[in-house]
Amino acid sequence: MSSRLFSHDRLDQVIFQGPSDLGCSVILWLMLFISLALLSLGSRHILKTIILGQMLSLFICGTAVTSQYLAEQYQVNTPMFQSFINYSLLLLVYTTMLAFRTGSDSLWQILKQRWWKYLFLGLADVEANYMIVKAYQYTTLTSVQLLDCFGIPVLMALSWFILRARYRLIHFLAVAVCLLGVGTMVGADILAGRQESEGSDVVIGDVLVLLGASLYAISNVSEEYIVKNLSRVEFLGMVGLFGTIISGLQLAIVEHRELMRIQWNWKIALLFAVFALCMFGLYSFMPVVIKVTSATSVNLGILTADLYSLFFGLFLFFYKFSGLYILSFVIIMVGFILYCSTPTRTAEPTALPQPGSTGLDNAALKLEENDRLCGSHASVSGTLR
């Protein structure tokens, strides 16, 4: 669903520094720019899109913070089990809703017609989550942050060919501004002097990030197509069904030992419950946002999720404040507003020429014209003789 889900490694090693006077000035000017941009645009749709995108970011922030607590306080690292809980909730709610439907959109009819498509969609969604989290064991956090953005151009390319979305120059500029904001966030981490290991195998980790980001793009484009052409309940019900099966099998293979080592108590259970509610809310709410905007717009909006996690860390994990993270947040929001300011258009499908009576009539007229020409040539030839 999103490559920023429960990446608690992002929070584990953050060190903050105070902002400079120049940085504060830049932040104030950019905040003023955002306020003026919102006032000048004057569009309720844009404001609604911004609010909805940041609500998704807060859901992702909730998954990150709870995972951070589980990993840091209780040494619990079970991303596949946490995904399994979410898919099980989707199965319980939305697949059950499909089971009670009748007609062409019933669960049985959907499975008969396109079960294999949803199998691949569920596989892409489950493995995307797993690959991104797994990549932290092999490569650096900076590499994960930067390469994770590879999913945005992949998403735009897939939207171009599959959803026939057509972008304007301002959309490409907006994406560049958002990526600049991500680069500012990464630069702030580096300047903060955070010590991070190089990982056991950087190449494997980088490949996992690229594959995970690409699978997220496939999942998001599929989600946009389904919720706009079929239904939100069908998407969530099928992802819940196949996601539960796939994540359950993978959980039994790769994480059964981690589950056995958990020393259960009410605090751990509460953290798992809060994580599950945030993840379930994210999956349930994201199709609603995508239906009124687009998958690309949503992915640009949730670039702020890491920053929300860091801001919550100021109070929950006693981090020191840094103005550079505020700067990156403002830059991302500027790019997001620019992207939302101009809607994309959808290309009309190219109509293939169909054979019909018009074509036959044209052919007959052409044959008749040729006969007349041949007749006139014969007359001229007879006269000359």
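In order along segment 159-167, phi translates into HN-Hα couplings of 5, 5, 8, 8, 8, 6, 6, 10, 9 Hz, rounded to whole numbers, per the Karplus curve 6.51 cos²θ - 1.76 cosθ + 1.60 with θ = phi - 60° and x for Gly and Pro. Stretched out straight at 0.36 nm per residue, the stretch from Phe100 to Phe285 would grow longer than its current Cα-Cα span by 64.4 nm.
Taking only C-alpha pairs under 8 Å that are 6+ residues apart, what is the relative contact order of segment 43-154 in percent? Taking the mean separation of contacting Cα pairs over the length of segment 43-154, I get 13 percent. Summarising the label geometry, the points placed 7 Å from Cα in the beta-carbon direction at Leu173 and Val93 lie 4.0 nm from one another. With a Förster radius of 30 Å, plug the Cβ-Cβ distance of Lys112 and Arg166 into 1/(1 + (r/R0)^6) and report the FRET value to the nearest 0.05. Efficiency for this residue pair is about 0.30. Per-residue Karplus couplings for segment 263-268, computed as 6.51 cos²θ - 1.76 cosθ + 1.60 with θ equal to phi - 60°, are listed in order as 8, 5, 8, 5, 5, 5 Hz, Gly and Pro entered as x. Model label sites at Phe120 and Arg261, defined 7 Å from Cα along the beta-carbon direction, differ in position by 3.7 nm.
Around the amide H of Val76, modelled in the peptide plane, lie the amide H atoms of Ala71, all under 5 Å away and 5 or more residues distant in sequence or on another chain. For segment 53-198, the residue among Leu56, Gly183, Leu92 whose Cα projects farthest onto the positive side of the dipole built from Cβ charges is Leu92. Residues in segment 327-342 carry Karplus couplings, in order, of 4, 5, 4, 5, 4, 4, 5, 4, x, 5, 5, 4, 5, 6, 5, 10 Hz; the curve used is 6.51 cos²θ - 1.76 cosθ + 1.60 with θ = phi - 60°, and Gly or Pro positions show x. Our summary gives segment 148-284 a relative contact order of 37 percent, counting only alpha carbon pairs under 8 angstrom and 6 or more residues apart.
Every number here is computed from the coordinates shown, using simple stated rules; none is lab data. Everything numeric here is computed off the predicted structure, so don't read it as measured data. FYI the Cβ positions are ideal-geometry reconstructions off the backbone, even for glycines, and counts take in every protein chain you see.
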